[in-house]
Amino acid sequence: MSLARLAALHGVATSYEPSAGVTVQVPDATVVTVLAALDVDAGTPEAVAAALDAALRAEADRLLPPTLVRWKDGAVHPPRDLPPGTRLRVTTEAGDVVESGRWDGLPLGVHRVEAFAADGRSGACTLIVAPARVPRPEGRVFGLLAQLYSVLSTRSWGMGDLGDLRELATWAGRTHGAGFVQVNPLHAAVPGAPTDPSPYRPSSRRFPDPVHLRIEDVPEFGFVGPRHRDELDTVLADAAELRERVLRKGALIDRDAVWEVKRRALELTGTVELGPGRRAEYRDFLAERGRALEDHATYCALAERHGHHWRSWPVELRDPRSAAAAVRADDELTARVDFHCRLAWLTDGQLAAASGAAREAGMAVGIVHDLAVGVHPDGSDAWAQQDAFAAGMSVGAPPDAFNARGQDWGLPPWRPDALAASGYAPYRGLLRELLRHAGALRIDHVMGLFRLWWVPEGREPTEGAYVRYDSEAMLAVLALEAHRAGAVVIGEDLGTVEPGVREQLARRGVLGTSVLWFERDWSGTGRPLAPEEWRTDCVATATTHDLPSTAARLSGDHVALRHRLGLLTGDLAGERARDTVEVGEWLTYLERLGLLPEGPGDEEAEVRAVHRFLLRTPAAMVGVWLPDTVGDRRPQNLPGTWDQYPNWRLPVAGPEGQPLTLEELACSPRLHRLLAVFGSPGGVRTAPPDARPV
């Protein structure tokens, strides 16, 4: 009982519910280990008693909680449970001081509150004053969902880049009235080869990866001097070969090879002196990013010399502050730090150009960026923010009906106590950086704003425990930064979702994610959910990067693929039969609604019918998976596989698997027929009354 009380005080759950009405107890050993990661000793009954006593006394003596949240949807009052005579002082972000009294005049922002009690006690905390809701899309919009690396043009160097993103957004907005283009996380990958190709396990979530640069769009590229011309010609020839290997010779996207060629090109552009205006821009960029960028660039420079496993670096380099001093004493390392800072600057500039192009093309939302749920334990963020991460822990998911063993994603979690103590500085900095050039931000596994499943190192995912975060503070920071950026927020809320979470997100304006195949009347008949019964506050899609394409789903190809890879949980005949019934049920319903006038049997017509259905829902945003526009049958990622399937390395292709360039996509009759479903710019149309399933 004492261990459970101690755990509760630190946000550690001692049980969980994998399904309704089923409660599973977390092993005591797991609770003890998780508490240890929060610097709480619970190894013996005596230690538990001492820690519990200390925690209760600290709570009783504390004048203020670690964080106060005030929403601008009503009167903003100071805390009311303070001892009589307590004096409060607020220092705003701008440095203004507000003494005790009503706080209605406090501006939006992250402020500091100090409390001075009559008995001599004092305390301080962070005050977040946030808007009641995040911004919403301007009207109803449709857009494209794409994995940027997979969208290659005839100018790409072996993978899609930010120049391709600019072209895609401009074309989609101007030609089809699309309101947004959503891309995968563009976060910096862990350096070295082979690199994990997954964009969801990055080195840093705060800074983008320069592998996405369009080299020819770097201004200095055109001024590389004659003495480097032969080397530059070799680089361009290698880049052309990479492009041809993927587009014409059937090779997979090789991010490491792409980066090697681009790095050589960027080294050459580094020989060109910046002009006065460009240098002034660069200096401003360095000043604005400050220590966070310096730490990231320092990590990148040290990883080049010592490898990316920073825990094996010389002891003096494992701490960012002592490492910075060591770098300043080494001219070669100093130059490499500047090189990586420059790469961040160049990438930021091309992100801004893509965002600007989307807006100029008339997109109501623009570029939707993606925030991964965590970072690689050997990466830049984990090194630079060691105090903010829980040592020896990994984020994952508990066992459920779809995965009896649970999941371990290999991502160290943020410590909720460290976030609160810092005024959520790492989280605020991350959001601010990502929202600089975003019309919207998609948050992967948005439930992580409320709680995360922590798996102790060396343990099975079944031996984890949920650790709770201050969701009010996390949502308030999100709303504040989204408001400042004028950006929409989308939460990926698929899978197991704690009761009340979707309601809280909707109350703050965060859109959810609704995928056609999962939208059923689960509390009743189990049949397809009528379109008018879908929620308004969501992005409606037919599929995602982790699911089969619509063509593969309709044809049953996804079952055959999983069978070939030994991933089916049942026999092939049974799986095919169940899949046929599910797809048939949907097709029958689409016919009944008048959305499939051609009747079943024409796969392309069926894909169009699925998207007509999505338009019948009241969803604020409708997303079209780019591979669906050309009948691509291959998933970009097949969960549960590693080397059995080429996850994150496939270019967009046609029905037979032939890669298609961005130029070919733009000319595809099949694509144009599908996007014609969305009609007027923005995809807004009035739907007739809907029939219900029988």
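Computed from the coordinates by the stated procedures, all read-outs in this text should not be read as laboratory data. Source: prediction; values computed, not measured. For neighbour counting, all protein chains shown are included, and Cβ atoms are generated from backbone atoms with ideal geometry for every residue, glycine included.
Here are a few things to note about the model shown:
- Each of F678, Y589, G574 was scored by the projection of its Cα onto the charge dipole of the range 570-690, and the greatest displacement toward the positive side belongs to F678; charges sit on the C-beta of Lys, Arg, Asp and Glu.
- Magnitude of the charge dipole, the range 203-315, Cβ model with Lys/Arg +1 and Asp/Glu -1, debye to 20: 340
- Listed values for the range 156-171 are Karplus-derived 3J(HN,Hα) couplings in whole Hz (6.51 cos²θ - 1.76 cosθ + 1.60, θ = phi - 60°), namely 6, 9, x, 7, x, 9, 6, x, 5, 4, 4, 5, 4, 5, 4, 5, and x replaces Gly and Pro.
- Charged-residue dipole, Cβ positions (Lys, Arg, Asp, Glu), the chain about Cα centre, Debye nearest 20: 1300
- Looking at the range 490-524, the chymotrypsin sites (Phe, Trp or Tyr not before Pro) that sit in a DSSP loop and have at most 12 other Cβ atoms within 10 Å of their own Cβ are W522.
- Proximity of backbone amide H atoms, modeled 1.01 Å from N, is registered between Y466 and A13, W454 at under 5 Å, excluding neighbours fewer than 5 places apart on the same chain.
- Rounded to whole Hz, the Karplus (6.51, -1.76, 1.60) HN-Hα couplings of the range 537-543, x for glycine and proline: 7, 7, 9, 8, 9, 8, 7
- Projecting the Cα positions of V134, S156, G123 onto the charge dipole of the range 121-167 (unit charges on Cβ atoms of Lys, Arg, Asp and Glu, taken about the Cα centre) puts G123 furthest along the positive direction.
- Mean Cα-pair separation over length for the range 458-562, i.e. relative contact order, pairs under 8 Å, 6 or more apart, %: 19
- Binned Cα-Cα distances of the chain, short to long, each 20 Å bin given as a whole percent: 16, 49, 30, 4
- A dipole drawn for the range 1-100 from +1 and -1 charges on Cβ atoms has a positive end, and of T33, H77, A47 the residue lying farthest that way is H77.
- Relative contact order, whole percent, for the chain stands at 17, derived from Cα pairs under 8 Å and 6 or more residues apart.
- Mean residue ellipticity (222 nm) of the chain, computed from DSSP H runs ≥ 4 via -39,500 (n - 2.57), nearest 500: -12000 deg cm²/dmol
- Coil-residue GluC sites (Glu not before Pro) of the range 635-684, DSSP, other Cβ within 10 Å capped at 10: E656
- Annotation note: GluC sites (Glu not before Pro) in the range 413-480 located in DSSP loop regions with a Cβ neighbour count of at most 15 within 10 Å are E457.
- Using Cβ point charges alone (K and R +1, D and E -1), the dipole size of the range 484-571 about the Cα centre works out to roughly 180 debye.
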